[in-house]
Amino acid sequence: MDHIELSLTQSLDHCIKCNICTSACPVAAVTDAFPGPKYVGPQAQRFRHEGQPVPDASVDYCSGCRVCNQVCPTGVKIAELNARARAQIVAERGLPLRNWLVARAGLVGRMSCGPHAPLLNFGLRLTPARWAVEKVIGIHRKAPLPASSTYTFRAWFRKHRAPTTARRQVAFFHGCATNFYEPHVGKAAIAVLEHNGFEVLLPKQQCCGLPLISNGDFKAATSAHEANVQALVSYARQGIPIVGTSTSCTLTLKEEAPEILALHSEDVQIVAAGTYDIFEFLRSLAERGELKTDFRPIERHLPYHQPCQYRAHRLGSPAMDVLSLIPGLVLEESHAECCGIAGTYGLKQEKYQIGMDVGAKLFDMVKRSGSDLALCDSETCRWQITHATGVASKHPIEILAEAYGLEL
Amino acid sequence: MNYETIVIGAGLAGMMAALGRAERGERVMVLAKGHGSTHWAAGCLDLFAEADDPLGAINQLVQTRPAHPYALAGVAALEQALARVRGVAEAVGYPLVGNAGRNLLMPTALGALRPTAFVPATMVNGEARQLGDGRPTLIAGLHELRDFFPPLIAANLRAQGYAAEGVYLELPPVERAHDFSPVVVARLFERPAFRAALGRQLAALVRKGGYARIGLPAVLGLYNAVEVVRELQALSGALIFEIPTLPTSVPGMRLFHAFEQALTKAGARLQIGGWVLRGEGSNPHLHAVFSEAAAREQRHLARRWVLATGGVMGGGLRAEHTGVVNETALGLPVRTPSGRSDWFQARFLDEAGHPIFRAGIAVDAQLRPLDAADQIVYTNVAVVGSALADFDPIREGCLEGVALATGFAAGQL
């Protein structure tokens, strides 16, 4: 029993059966397929033993949004219990092809990104194509798939001319989405960091492994994380902060991979301790009076949704804190638990509608705002919001770059 | 980021303090480990259960027990706090009714009668003096809803001389089949068709049994309960009242929601899931607190702090088997009986109560924490609610009253 398993076993004894988690769970609120975090977490855990068949497969309907952990008054690690329980199911029953595929965001991105992207994007907008994808693979025909980019972020960065005045360095973890689908998010981050006097380094990296973890493929997730740690540890050892724009990637490097996959080497810990979400990083600069505040006013009122995976960092609301420094900009918080997509969850044919129902409160709020733009830190959430509401969405770093008046 | 006040704990005491400070124009954050005391409690306000006239009893108590939190906060703070909390609830269309000068007697989910001073308007028709008017009461529930047994409640009411009968209603057709926690059923009550179907069943029962009022589990909608009660009264032709259920408490969630709205309106921030592990300060100032976060602790800075983490139940105090009681967030000194053997009286139901239940943090008149020598530990910290020493919130039946009075006082200091 590793120390995480021990702490999980002990933490389930902290459960006092108050049902606060189940009352807050956005998935249990909309479907009976998931009986709620208390049942599949601390209660079912007592029936899970090595060498014994899995007592209940409903844990597969946990979206991994971690709202249960957030509201638990006694500190039970419910989401971690669920992630491990799902892996036990995968270990017993194997990984379906669809889950194998959606868990490999990097591979899919690499194949679809490039000059052929427009053609592929066009193809994936065709109803019959999506119908076939649903029938053959099980990705829901309406689920929001991102449009591939014609160039990768890394290719752009290689040609990018950095200012020569930098005093300090950061290492940028772009993740799969920025590299293959949304290079503009990475460009905005680089512009903001350089504007604040940083030289941005681009370590070798691969998928953070989160989609693999949430689909229960722990073997592949472990090799992804080990490769990333190997590539990042020298930066962390030199005290160069590793900064990312994808809140789920940074959470995975900080906590999910070490905790859920039980990886605890010194290198893993050093990388975890040296990784920051970009707004966490910018907020700490602001707290030390080191963030530039030469903002142009942005007279806008925008809806903002903090992704569940960002709240799971347990840092409050760093993007709100930093954007509140921009004169004129007013953000309205969604106060919604989750958008429903939860990475790859809402793409799946049998879970698409659950995801849409989970996100209904958020979609209502975005539509009611009357805004033509919504802000959200996580890529899959942005795609889900735009899919469900028709309202365009941006990463908050893009607004910050705009406020600085930076050319992208 | 640069808060003037950070409140640790999101129960009634903490939210009341935060609201007070935010309404004075301060930048305020509430930092809490999770949802808690509101979601566990009945959603009523207990001021002092042992007397018919709680306010009168409290006026006497502050003379005889100067260390009691009521004495430190003052009766005026309690009265202002009550007005404020009623305003907060009223603002979301959820009035709290009652009288600080006379306790109500409300039926519990066991059919016992429990004294409390203020209840949501959705409960008040179940007050014992009304139940005793000679006309029959129906207690109704659903088989599917756990831990709520109408025949048991009715039998216990009858044993106390109230005419009552218990019945199970038939669950209207819903797509759900498995789990019927209080919150799930509360969400169903927000659907007009669900209410209408149950209303028809209740009307038929009223026609047959001539019931004057109907007690239902306190699950009549999450955010529009007053409307639901009004509608069910119109449909059934009887008065409706809610009876608190086991946790998760829907009336408690409504109260939390009301405060959440008020705090947001006042510009305060809430960080739920931020478990405070330690503080850093040098006497007499607390400079920072650190909360648990992914990969490393999060540091919080503020000028002023309110500790509202609760007692043993809320996690603010932790009793070790060694006989030591710790304050879990800042490591403040805790006043406890001197040794483990002095924790309890010899008799389980001793009328004086057990000394360990009065353990907590001793404070001065401005609610600042004191050490064993009565010296102030931090001048910029106020301690409120059940973390305080020298009272027994459950036995005295004053948990909400003390939370509100001390929370209000800390909001004005």
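Of note:
- Matching residues in region A:354-380 - criterion: being part of a helix (DSSP H, G or I) and farther than 19 Å from A:ALA29 by Cα: A:VAL366, A:LYS367, A:ARG368, A:SER369, A:GLU379, A:THR380
- Residue match in region B:342-365 (condition: within 14 Å of chain A (Cβ to nearest Cβ), exposed (fewer than 14 other Cβ atoms within 10 Å of the Cβ) and free of Cβ contacts under 8 Å to residues at least 12 places away in the same chain): no
- Selection count where residues are among the aliphatic types (A, V, I, L, M), assigned to a loop (DSSP other than H, G, I, E, B) and within 16 Å of B:ILE153 (Cβ to Cβ), scope region B:221-265: 1
- Taking residues in region B:118-132 that are not assigned by TED's automatic domain parsing to the domain that holds B:LEU220 and modelled with pLDDT under 95, and partners anywhere that are crowded, with 20+ Cβ neighbours inside 10 Å and in a helix (DSSP H, G or I), not one pair has Cβ atoms closer than 6 Å while being at least 6 places apart or on different chains.
- Residues that are more than 16 Å from A:THR344 (Cβ to Cβ) and not in a loop (DSSP other than H, G, I, E, B) do occur in region A:50-57, at least one of them.
- Residue in region A:61-75 that is crowded, with 18+ Cβ neighbours inside 10 Å, touching a strand residue (DSSP E or B) at 6+ places or on another chain (Cβ under 7 Å) and within 14 Å of another protein chain (Cβ to nearest Cβ) present: yes
- Residue in region A:31-46 that is farthest from the other protein chains (Cβ to nearest Cβ), counting only those that are in a loop (DSSP other than H, G, I, E, B) and surrounded by 20 or more Cβ atoms within 10 Å (Cβ to Cβ): A:PHE34
- Among the candidates B:GLU231, B:GLU175, B:GLU242, B:GLU190, the residue that is touching a residue at least 24 places away in the same chain (Cβ under 8 Å), within 14 Å of another protein chain (Cβ to nearest Cβ) and among the acidic types (Asp, Glu) is uniquely B:GLU190.
- Residue list for region A:258-278, filter: away from chain B (no Cβ under 11 Å), at pLDDT 95 or above and within 17 Å of the chain's Cα centre (by Cα): A:ILE278
- Residues of region B:186-198 satisfying the condition of being surrounded by 19 or more Cβ atoms within 10 Å (Cβ to Cβ) and either part of a loop (DSSP other than H, G, I, E, B) or small (Gly, Ala, Ser) (or both): B:ALA186, B:PHE189
- Among the criteria (1) modelled with pLDDT under 95; (2) farther than 20 Å from B:SER338 by Cα, the one B:TYR378 does not fulfil is (1).
- Among the candidates A:CYS72, A:CYS15, A:CYS21, the residue that is modelled with pLDDT of 90 or more, under 24 Å from B:ALA294 (Cβ atoms) and over 24 Å from the mean Cα position of the chain (by Cα) is uniquely A:CYS15.
Residue by residue, here is whether (1) more than 21 Å from B:GLU227 (Cβ to Cβ); (2) among the aromatic types (Phe, Trp, Tyr); (3) assigned to a loop (DSSP other than H, G, I, E, B) holds:
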site	(1), (2), (3)
B:ALA77	yes, no, no
B:VAL92	no, no, yes
B:GLY111	yes, no, yes
B:VAL119	no, no, no
B:ILE139	yes, no, no
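- All positions within region B:284-305 that are assigned to a strand (DSSP E or B) and more than 8 Å from chain A (Cβ to nearest Cβ): B:HIS285, B:LEU286, B:HIS287, B:ALA288, B:VAL289, B:PHE290, B:ARG299, B:HIS300, B:ALA302, B:ARG303, B:ARG304, B:TRP305
- Evaluation of A:GLY216 against the conditions (1) at pLDDT 95 or above; (2) in a loop (DSSP other than H, G, I, E, B); (3) of a type outside the set (S, T, N, Q) shows that the sole unmet condition is (1).
The values are calculated or read from the model by the stated rules, or taken from the named source; none is laboratory data. No experiment lies behind these values; they were computed from the predicted model shown. Positions of Cβ are backbone-derived with ideal geometry, glycine not excepted, and every protein chain shown enters the neighbour counts.
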